[in-house]
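We did not get these values from a lab; they are worked out from the coordinates using the rules stated. In this text the structure is predicted, and so the values were computed from the model without any measurement. Reconstructed Cβ throughout: ideal geometry from the backbone, glycine too, with neighbour counts over all protein chains shown.
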Amino acid sequence: MTSNTISARSSASDLATNMAGDKPVLTVEDLQLHFSQGGGVFQRRRAKLRAVDGVSFNLYQGETLGLVGESGCGKSSLAKALLNLHKPTAGSVIYADTDIAGLSDREMRQYRRALQMIFQDPFESLNSRHTVEVILEEPLVIHKIGNRESRRQRVADLLAMVGLPPSAASKYPHEFSGGQRQRIGIARAIALEPEILICDEAVSALDVSVQAQILNLLLAIQQKLKLSIIFISHDLAVVRHMSDRIAVMYLGQIVEIADAESIYSSPRHPYTQGLLASIPRLGEASPIDAQISGDLPSPIAPPPGCRFHTRCPHRQERCEREAPVLQASDAGQHLTACHFWPEIIAKQSA
Amino acid sequence: MSLLSVEQLRVAIRGDDGVQRELVSAISFAIASGQTMGLVGESGCGKSLTAMAILDLLPKPQALRSGGKILFKGDDLAQLSPKALRQIRGHKIAVIFQDPMSALNPVQQIGRQIIEVLKLHFPQQSRAVQRARALELLTEVGIPAPAERLNAYPHQLSGGMRQRVMIAMALACEPELLIADEPTTALDVTIQAQIVRLLKKLQEKNGMAMLFITHDLALVSQLSDHIAVMYAGKIVEYGPAATLFSTPRHPYTQSLLAALPGAGHPPKSPLLSLEGQVPSIENMPAGCRFANRCRFAENICKRSDPVAEVSDDQLESSEQASVACHLWRSISS
């Protein structure tokens, strides 16, 4: 088995330590995930889709890192690259002093226990021909945990933990509502007591009242199991509710990362500002000045320079030439990838 | 006079066993010219069926309008002949849906699809006039390079652009009422904000009325003049957008707001979770349909179905607020 122990760290991830100075459970460095597009018989050149293009961040013990951005920005691709569900093109994902990026499926198996994921549509991710008991027992069988009897007991405990009745064990996924299925998805994900849970749009398909139940469940389970969570959603209100820190993605890159409060109360990147201004708020008109026009450009041919410059209300000539680096301007942990954010903020507060 | 007035509308579905079950039960509301009414509720509450019933677009023969009146400028749409209804549908009342891809013809250029609408309703216009009008419509809804887009196929456009094309088609005949059923649900927030701004701008310009159907409470509060909250086929609360969510009367409206992250909840705090399920249509309770999930429920709630009462008589008669709950007075105080 190959395992690369990491000695050096990039400056971006060093800067991104949290207040308490905890050790990260996951360190992602310059991660890239490119897909080849087209390239049929009649096409000479294959276009490259840069779904994730140089992403670095740390995930700390017990925290929730929210990941937001428009559809097509690469949030789900990033999640899959972290777990090797899509093999990253370049970069590293360091878990337990080992770079797990690009490990083979067999090598990855021992880490799957610690890194689990729940998806948007639990119906598609649950085998419809197995009972809930078989679905929940399967990870235990694969990892050779316990005997049949202790596994059955564990399944019963898991069902209780996610708030399903014991009778659920003998039923099939189609017999449950969307919210209950998501509970099953959560039970399966925590069956092996993971350290890290990635939630990819886990509540996006649910109604408000059911969504609240699942969010409450996730918060309770996180406390109980001391989970570190990467919480991906396009719903910015949900992300704010769940997250300690938030990373904003645009066209495969993180444009801003900071603690949740700073992101929402004093967003610096014009994209973050526009995204927040677009959220409808109960009984409040949305601010007109920070609104974003146009569509997300294609990730096959991202704009040169700053990728956001085509939609940015504050763009200048430099933005079209030079790509900004994700960095902090002060000693803080608020990182922004924008050449002009201090000027923009100064102008806005004037 | 109201532009559209829906009175005691009922929609039923006939099951395989031949029994009719009511999905929309005696709902009433009215929309005045130039006003927006928001219809909000969770999936399955009957909000989309209401929209389809207004335009007689229900999937027949399984679903049917089983009672009530739909008065559009005084005419009952339910009594009109199919031919007369076609003259109104698309011309005076237009509709846009959530998924523009399934509403657009995938093998026809969008310019031709817009012109087809114009041909149907203005057969006397020349082809050149119609093409110019199609171009004008695409420009109006903010599609960049509209002249080139006339020849584009739907799959060549992004989701936001497709929804703009749908809006352009809906506006082609300058309707007096636009029914928008979850028009932005499939779109990103930035694009949603663009579409909402566009709808508001067009409404100001044309003075059309809008029935806006969504599950998004915050969105509906921004767009609407009046809001009706639906639960299990009934309107449980109705009132002006400005006050409905700031002083919710019905326990269901209250719990929806309490379950919504962001709205005054500290991060990571538990949200109110509404336990239980919406009653199934096979066994709708005789009493209040929300009673089994309501924390205030008493005996009377299980026995008798509450009727909508005026909940705020301080308002002008056109602004009236109502609530269908036996106990709203004691809950509010």
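Restricting attention to chain A, the count of lysine pairs at 8 or more positions apart or across chains with alpha carbons under 19 Å apart stands at 5. Rounded to 0.05, the FRET efficiency of the B:Lys60 and A:Glu193 pair, given R0 = 56 Å and the Cβ-Cβ distance, is 0.55. Given R₀ = 56 Å, what would the calculated FRET efficiency be for A:Ala301 paired with B:Ala84, taking r from the Cβ atoms and rounding to 0.05? Plugging the Cβ-Cβ distance into 1/(1 + (r/R0)^6) gives 0.60.
Rounded to whole Å, the principal axis extents of the Cα atoms in segment B:1-145 read 51, 37, 30, largest first. Across segment A:287-350 the C-alpha pair distances fall into 10 Å bins from zero in the proportions 19, 47, 31, 3 percent. Once a ≥ b ≥ c are taken as the square roots of the eigenvalues of the Cα gyration tensor of segment B:40-115, is the result rounded (a/c under 1.5), prolate (a/b larger than b/c) or oblate (a/b not larger than b/c)? Oblate, because a/c is 1.5 or more while a/b does not exceed b/c.
The fewest-to-most ranking of A:Leu192, B:Leu217 by surrounding Cβ atoms within 10 Å reads A:Leu192, B:Leu217. Think of it as helices only: each DSSP H run of n ≥ 4 in the protein assembly as shown is worth -39500 (n - 2.57), and spread over all residues that comes to -9000 deg cm²/dmol at 222 nm.
Contact order, relative form, for chain A: 19 percent (alpha carbon pairs under 8 Å, 6 or more residues apart, mean separation divided by residue count). Counted as membrane-span-like here are DSSP H helices of chain B whose alpha-carbon atoms extend 15 Å or more along the helix's own axis and whose Kyte-Doolittle mean is 0.0 or above; these are B:110-121, B:159-171. For chain A, A:Cys73, A:Cys199, A:Cys312, A:Cys338 have no disulfide-compatible partner, since no other Cys C-beta lies under 4.7 Å from theirs.
The C-alpha atoms of chain B occupy a region whose extents along the principal axes are 68, 49, 42 Å, arranged from largest to smallest. Charging the Cβ of each Asp and Glu at -1 and of each Lys and Arg at +1, and nothing else, the dipole of segment A:130-263 about its Cα centre rounds to 520 debye. Take every pair of alpha-carbon atoms less than 8 Å apart whose residues are at least six positions apart; their mean separation over the length of segment B:230-316 yields a relative contact order of 24 percent. Sorting A:His339, B:His121, B:His226 by the number of Cβ atoms found within 10 Å of their own Cβ, with the fewest placed first, yields B:His121, A:His339, B:His226. Shape class for segment B:262-333: oblate, because the ratio a/c of the largest to smallest gyration tensor axis (alpha-carbon atoms, square roots of eigenvalues) is 1.5 or more and b/c is at least a/b. Using just the Cα positions, wrap segment A:52-134 in a convex hull and report its mean projected area in square nanometres, one decimal place. For segment A:52-134, averaging the hull's shadow over all directions gives 7.2 nm². The Cβ shell under 10 Å around A:Ile263 holds other residues with a net charge of 0, Lys and Arg each +1, Asp and Glu each -1. Pairwise Cα separations in segment B:132-285 fall into 10 Å bins from 0 onward with the following percentages, short to long: 9, 31, 30, 19, 10, 1.
Measuring r between the beta carbons of A:Ser265 and B:Leu198 and using R0 = 30 Å, the FRET efficiency lands at 0.55. The P(r) of segment A:119-242 has a tail past 24 Å containing 23 percent of all C-alpha pairs. Would you compute the Debye intensity of the protein assembly as shown from its alpha-carbon atoms alone, equal scatterers and no solvent, and pass along log10 I(q)/I(0) at q = 0.09, 0.10, 0.11, 0.12 Å⁻¹ to two decimals? Computed log10 I(q)/I(0) values: -0.89, -1.09, -1.28, -1.44. Note on B:Asp76, B:Asp312: ascending count of other Cβ atoms within 10 Å places them as B:Asp76, B:Asp312, the fewest first.
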